[in-house]
């Protein structure tokens, strides 16, 4: 059986698609599973033992033209897939399904052009995204049953140069902090992250800062200011290397963004800070040793499901009301403390 999974959304969404792929591979053990993904998430799918092929679609870059889209449609059709699952609900994803020639297609009832799917599944807003995707695949998600499924398996291979840099810099135990997000209103204030880092340095921990190229300036600024106990890896690591680094750290502290989902591929406790968004959107860390922090006593929160480029009211209280001391106290007294001691 040849199966296609379409997931061209953000990196975090891609990671949350892996449990569905793994269950499909378990159900159809002889199947060949292909995934359509954007360049930012291709490494995640390439590192999964359950994905046979990753078809990269650079929808915001080289593949924006009508010719590139048409060529992709032809490629999908030529592969003659037996089943297609589309967790992504966009117009373009539905067009891929429409022109695929596949007869067994599965999509959410909230998808654009939902009529193109043979089987429509309810998009349940009140459950986790992993559970929604498993539901799309026809798996039992009643109660907490879905939590037995999302064992996100990847193969974290780290190159020797980075491995040496980690061992050389971290003579003692370290905490990983991911400063960034695609959306400005999802970013915990940089000066607050600085205070959190200082606290753990005072407890003799080192700090590893991770992120993309867009996070290099902030990460290196904190690293230079706080000294050799803080090492910036922003812009230096692949996604898989970031997972390897997180896995060896005591705690991951991050925003409501892709790193929180990277943490689900490790055994490391994750503390996720929600600024303008909320846990109820269904993209929270679901492992038992994870914590969500959010200041919800605001009439303006949430101001959008994806966050915004700036606070609409120019006060950003959803971030500033979550003081560094509150974050530190939660780490120190809650379940994460088990791994810190």
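Between helix 18-27 and the chain, what is the angle of the helix's C-alpha long axis to the longest principal axis, kept within 0 to 90° and rounded to the nearest 10? Compared with the principal axis, the helix lies near 50 degrees. Which angle from 0 to 90°, rounded to the nearest 10, does the C-alpha axis of helix 324-333 make with the longest principal axis of the chain? The helix 324-333 is inclined about 80 degrees to the chain.
Multiplying the sequence separation of residue 332 and residue 172 by 0.36 nm and subtracting their Cα-Cα distance, what value in nm do you get?
Result: 55.7 nm gained on full extension.
Against the main long axis of the alpha-carbon atoms of the chain, helix 216-226 sits at an angle near 20°. In a fully extended conformation the segment linking residue 103 and residue 70 would gain 9.9 nm over its present Cα-Cα distance, using 0.36 nm per residue.
Label separation (residue 80 vs residue 224): 6.0 nm, computed from points 7 Å beyond Cα along the C-beta direction. With neighbour counts taken as other beta-carbon atoms within 10 Å, the residues 275, 311 rank, fewest first, as 311, 275. Dividing the radius of gyration of the alpha carbons in region 2-148 by their Kirkwood radius gives 0.94 for Rg/Rh. Fewest neighbouring Cβ atoms within 10 Å first, the residues 33, 6 line up as 33, 6. Estimated from the Cβ-Cβ distance and a Förster radius of 30 angstrom, the FRET efficiency linking residue 199 and residue 238 is about 0.55. Under a no-solvent Debye model with one identical scatterer per Cα of the chain, what's log10 I(q)/I(0) at q = 0.07, 0.09, 0.14, 0.15 Å⁻¹? Values, matching the q order: -0.30, -0.50, -1.15, -1.28.
The stretch between residue 325 and residue 191, if pulled fully straight at 0.36 nm per residue, gains 47.0 nm over its current Cα-Cα span. Per residue of the chain, the DSSP helices (runs of n ≥ 4 H) give a summed -39500 (n - 2.57) that works out to -9500 deg cm²/dmol at 222 nm. Taking the number of Cβ atoms within 10 Å of each Cβ as an exposure proxy, the fewest-first ranking of 170, 326 is 326, 170. Taken as Cα centroids, region 76-129 and region 212-288 sit 31 Å apart, rounded to the nearest whole angstrom.
Values quoted throughout were computed directly from the atomic coordinates according to the rules given, and no laboratory measurement underlies them. Note that the structure is predicted; figures quoted are calculated from it, not measured. Positions of Cβ are generated from backbone atoms using ideal geometry, with glycine treated the same way; all protein chains shown enter the neighbour counts.
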